[in-house]
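This report refers to the structure that appears directly beneath it.
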Amino acid sequence: MISAQILESLGEKRFEIPKSKWRLAFWSALIVLAALGLYLLAQKRSLTVNELLLLAWLAVAQILFIVEYFRSRIDVYSNGIVRRRLFGQAYVFVFNPYMQVFVMRRSLGLWHWRVGRQTSVRLRDEMHEYRLPFSFSRNEEVVAEIENYLFRESMHMLNQLYDSGETLDFGAVQLNRNHIAVSGKYLLRNEFGKIDVRRGHLRIYGKNEKGKIKLLAFSKTPLHQIANFRLLCRFVEFNDVDVQAYAYRVYGMPFLIK
């Protein structure tokens, strides 16, 4: 049971999200197919004790999946989230201006088509780390709510640190007024050319001596290793990225993906 004081500190409740109905449908279909196989087997001969136990286990698993779908959810507030589970106590994560948010997006791809899009979120601060797994639906809405909080509570502080010459930590990317650092490699800001986002990766390009963009990228980094990606975009003047089109890591045959 969460105390009223903690709930009050979380601010206004925005919305709640359940487990994915597609996840429930997928596992339910597997369980039904397995049970159907045992039923057909029973038409030919008597089921063994182990097979009867398996049938009972499948029935229990199906009930648990259904109950979990209706009981497990994430409540999203303006200053935090609460994850309510089928078993165990609810988990509370309170937002703060120093938190880091890592988002993993993945999908299957064929040519220009994308199917099975999924999003998971990892929240981290100095004291805690928490994950919102792929099994929840509408995780993109949770990401948007967290980013709104960071823009509201963190952006002014980060601007002051940046202007004073401090290095900002965005996970796999560190940035200050003089250089960008990725995986131990440094690119001076006056050599910075452009950045590009494709298939869930951030590519940073430098400039040659004539001021033209180099063909080979200075670095290629998975977006899920970059913290607070939207805030980073503000500092490198890259605000037009279409997350739904380019931020998903696409799995499939490389030569069949555009």
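The values are calculated or read from the model by the stated rules, or taken from the named source; none is laboratory data. Since this is a predicted model, take the numbers as computed values, not measurements. Don't worry about glycine lacking a Cβ; one is built from the backbone with ideal geometry, like all the others, and counts go over all protein chains shown. Surface areas here come from the heavy atoms of the whole protein model, side chains and all, with no ligands, DNA or RNA. Shrake-Rupley method; radii C 1.70, N 1.55, O 1.52, S 1.80 Å.
The figures follow:
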| read-out | value |
| --- | --- |
| In region 68-88, the residues that are closer than 30 Å to ARG152 by Cα, touching a strand residue (DSSP E or B) at 6+ places or on another chain (Cβ under 6 Å) and open to solvent by 10 Å² or more (accessible area, probe 1.4 Å) | ARG73, TYR77, ARG83, ARG84 |
| Only one of TYR39, TYR91 that is in contact with a Lys or Arg (Cβ under 8 Å, 6 or more places away or on another chain) and surrounded by fewer than 16 Cβ atoms within 10 Å (Cβ to Cβ) | TYR91 |
| Per-region count, region 186-206, residues in contact (Cβ under 8 Å) with a residue 12 or more places away in the chain, open to solvent by 70 Å² or more (accessible area, probe 1.4 Å) and part of a strand (DSSP E or B) | 2 |
| Residue match in region 146-160 (condition: buried (at least 16 other Cβ atoms within 10 Å of the Cβ), in contact (Cβ under 8 Å) with a residue 12 or more places away in the chain and closer than 19 Å to TYR246 by Cα) | yes |
| Selected residue (criterion: farthest from PHE95 (Cα to Cα)) from residues of region 15-35 that are loosely packed, with under 15 Cβ neighbours inside 10 Å and of a type outside the set (A, V, I, L, M, F, W, C) | LYS21 |
| Filter result (touching a residue at least 12 places away in the same chain (Cβ under 8 Å), under 17 Å from VAL101 (Cα atoms) and surrounded by fewer than 17 Cβ atoms within 10 Å (Cβ to Cβ)) within region 169-178 | ASP169 |
| Residue that is modelled with the highest pLDDT, among those in region 97-116 that are loosely packed, with under 15 Cβ neighbours inside 10 Å and of a type outside the set (Phe, Trp, Tyr) | PRO97 |
| For CYS233: the one exception among (1) free of Cβ contacts under 8 Å to residues at least 24 places away in the same chain; (2) outside any strand (DSSP E or B); (3) open to solvent by 40 Å² or more (accessible area, probe 1.4 Å); (4) not small (Gly, Ala, Ser) | (3) |
| Lone unmet requirement of (1) assigned to a loop (DSSP other than H, G, I, E, B); (2) more than 30 Å from ARG71 (Cβ to Cβ); (3) not β-branched (Val, Ile, Thr) for GLN160 | (1) |
| Qualifying residue in region 217-225 (condition: without any contact (Cβ under 8 Å) to a residue 24 or more places away in the chain and assigned to a loop (DSSP other than H, G, I, E, B)) | yes |
| Check on ARG85, within 26 Å of the chain's Cα centre (by Cα) and at pLDDT below 90 | yes |
